[in-house]
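The values are calculated or read from the model by the stated rules, or taken from the named source; none is laboratory data. Since the model is a prediction, treat every value here as computed from it, not as a measurement. Positions of Cβ are generated from backbone atoms using ideal geometry, with glycine treated the same way; all protein chains shown enter the neighbour counts. Heads up: the accessible areas ignore ligands, DNA and RNA and are worked out on the full protein's heavy atoms, side chains in. Shrake-Rupley method; radii C 1.70, N 1.55, O 1.52, S 1.80 Å.
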Amino acid sequence: MKRFYMLSSCFVMLIWVLNTASVPAEENRLVVNTDLGSQTISRHIYGHFAEHLGRCIYGGFWVGEDSSIPNTRGIRNDVVRALKALDIPNLRWPGGCFADDYHWMDGIGPKEERPSMINTHWGGVTEDNSFGTHEFLDLCEQLGCEPYITANIGSGTVREMAQWVEYLTSDAISPMTDLRKQNGREKPWRIKFWGLGNESWGCGGSMEAEYYDDLMRRYSTYCRNFGENRLYKIACGANSFDYAWTDVLMRDPGNLRRMNGLALHYYTVCHDWRAKGSATNFDENEWFLTLSKTLRMDELVRKHSTIMDKYDPEKRIGLIVDEWGNWHDVEPGTNPGFLYQQNTLRDAMVASVNLNIFNNHCDRVKMANIAQTINVLQSVILTRDEKMVLTPTYYVFKMFKVHQDALLLPVDLKCGRYSFEEESIPSISASASKADDNKIHISISNLDPNNTISLQCELRGISVVSGIEGRIITAESINAHNDFDAEEQVSTADFDAFKVKGNTLILELPAKSIVMIKVR
Ligand code: AHR
């Protein structure tokens, strides 16, 4: 019996040693080509999405002027402050599926006269339209971000959409602009990003690609550019791996004029759509599954881009990943139609992997929008009454904002694999950029939850590196998360586990960590 205990404790020790062992640096090499690079990482890759869904708008952004929660014209001050700290570049609204049910005229004018509707997609709740066009554009002004409005082409008319564009952007004298002035806005807004329907292959009208293409041609024709305003029109794109959809939209030569961007939606679902898996209660199998499915974003971007390259080699049309993120089961006891989920270190890792992919493909990916900003799916903020929580994903956006509008530095990455049972995935995800002030930022994630990784990072084109600073996001457990009334478990901290040898950094990346290196 004694021998058995001794043997088993040796076995436990061995496992411990294996788990904490460092993967040697020679196996892991990242070359950052500091003297190359021709593409800018659009800041719009760091975009957000706010739908009339659950508590995203109501309770999340909007509490109303009479609320005891501090607000400016009904919009929460704490949320605006937190999002401004991310330099949020754009906000997509009003959906999502809700967009193709939304009739914008119901959301303007005196609030007590606005008709209500049933939000059939999301919980069947009554939408009183108290948050409408003016409130949304006030929110964007408070955030200092660009609005991205998705128009209803599923159940709305061409006239209705054309009138919305006129109401928003025209300076001419017309019944629409008079109405706008009557509602308190004298000058037109500048609106750039304009979506032509949402998921028209599904909740937005169940259309075939060819039918949508015809409809998009028609609606796009009536999106006028008034005055100086220039719309950047974004057509509904494929559901994940539906490459035929992209082909139909791209092969129509006139579409080079009719659309500036083509969307793509891809969510990471750990198991399957019926039982997706818990946001917080998961094991290493689910960590691994989630990350391996997230990495498929790279394949999606590459394959959709290849089709786009065939018809548009000059890359005039942007690939717009305007819905991405983790989709878990809703939190127990919450309305299943509200899609409220918690957010852990796993979500932070997923965000970092996706953002690295978008950065590295910024020649084609011109915008991306995480779904969704507050209280819905992979949120950066959670609210409960007057309380607010910043999620692990929030801290990734905060850390990565340095890549916005910076020059992409091409990287060559050779790394070991993180294996789980019979499967394996690359253990590192990375991207790098150079800002206007010549500062270089390198974002590196260690996907392996068990092993520290030694990484040699060569900054090719520089003889000696100096002035290095690092930040890190990690936690004790893969399920670590931030919650109301509890001490924050996941945020950013200083990182100094690196040595410098000439132009090479030797980094010790802790297990399950996201690191940002700044080189001055
Ligand atoms: O983000 C939630 C929903 O997911 C959106 O409304 C829809 O576009 C997608 O299916």
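Structure data summary
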{"read-out": "Cα convex hull volume per residue for the range 61-186 (Å³)", "value": "119 Å³"}
{"read-out": "Per-bin percent of Cα-Cα distances, the range 422-520 [5 Å]", "value": "3, 12, 22, 22, 17, 12, 8, 4, 1, 0"}
{"read-out": "Peptide ranges 362-371, 176-185, 311-320 listed from the most packed, as the mean C-beta count within 10 angstrom indicates", "value": "362-371, 311-320, 176-185"}
{"read-out": "Apportionment of accessible area to carbon and sulfur, the chain, percent (1.4 Å)", "value": "51 percent"}
{"read-out": "Greater than 30 Å apart at Cα, pairs in LYS401/LYS512; LYS84/LYS276; LYS192/LYS293", "value": "LYS84/LYS276; LYS192/LYS293"}
{"read-out": "Extension gain, ALA497 back to THR40 (0.36 nm per residue minus Cα-Cα distance, nm)", "value": "161.6 nm"}
{"read-out": "Binned Cα-Cα distances of the chain, short to long, each 20 Å bin given as a whole percent", "value": "22, 54, 21, 2, 0"}
{"read-out": "Nearest-0.05 FRET efficiency for ASP106 and ARG302, computed from C-beta distance (R0 56 Å)", "value": "0.85"}
{"read-out": "CD proxy at 222 nm, helix term only [per DSSP H run n ≥ 4: -39500 (n - 2.57); per residue of the chain; nearest 500]", "value": "-8000 deg cm²/dmol"}
{"read-out": "Label zone at SER463, where the point sits 7 Å out along the Cα-to-Cβ direction: the range 479-514 residues whose backbone N lies under 13 Å", "value": "502-503"}
{"read-out": "P(r) tail fraction, the range 218-295 - alpha-carbon pairs more than 17 Å apart, %", "value": "61 percent"}
{"read-out": "Sorted peptide list for 451-464, 344-357, 390-403, criterion being average Cβ within 10 angstrom, highest first", "value": "344-357, 390-403, 451-464"}
{"read-out": "Extension gain (nm, one decimal) between GLU113 and GLU141, 0.36 nm per residue minus Cα-Cα", "value": "7.6 nm"}
{"read-out": "The chain: relative contact order as a whole-number percent, Cα under 8 Å and 6+ apart", "value": "19 percent"}
{"read-out": "Most to least packed among 406-414, 105-113 [average Cβ atoms within 10 Å]", "value": "406-414, 105-113"}
{"read-out": "Mean projected area (nm²) of the alpha-carbon convex hull when the range 217-349 is viewed from all directions", "value": "10.6 nm²"}
{"read-out": "The chain, dipole about Cα centre (Lys/Arg Cβ +1, Asp/Glu Cβ -1), debye to the nearest 20", "value": "1260 debye"}
{"read-out": "For the range 123-243, projected area of the alpha-carbon convex hull averaged over all directions, nm²", "value": "9.1 nm²"}
{"read-out": "Solvent-accessible area per residue for the chain (1.4 angstrom probe, square angstrom)", "value": "41 Å²"}
{"read-out": "Nearest-0.05 FRET efficiency for THR334 and ASN225, computed from C-beta distance (R0 45 Å)", "value": "0.55"}
{"read-out": "Additional length obtainable on full extension of the chain from ASN450 to TYR211, 0.36 nm per residue less Cα span", "value": "81.1 nm"}
{"read-out": "Average projected area [Cα convex hull, the range 308-454], square nanometres", "value": "12.7 nm²"}
{"read-out": "Residues ASN285 and ASN239, FRET efficiency given R0 of 22 Å [Cβ-Cβ distance, rounded to 0.05]", "value": "0.25"}
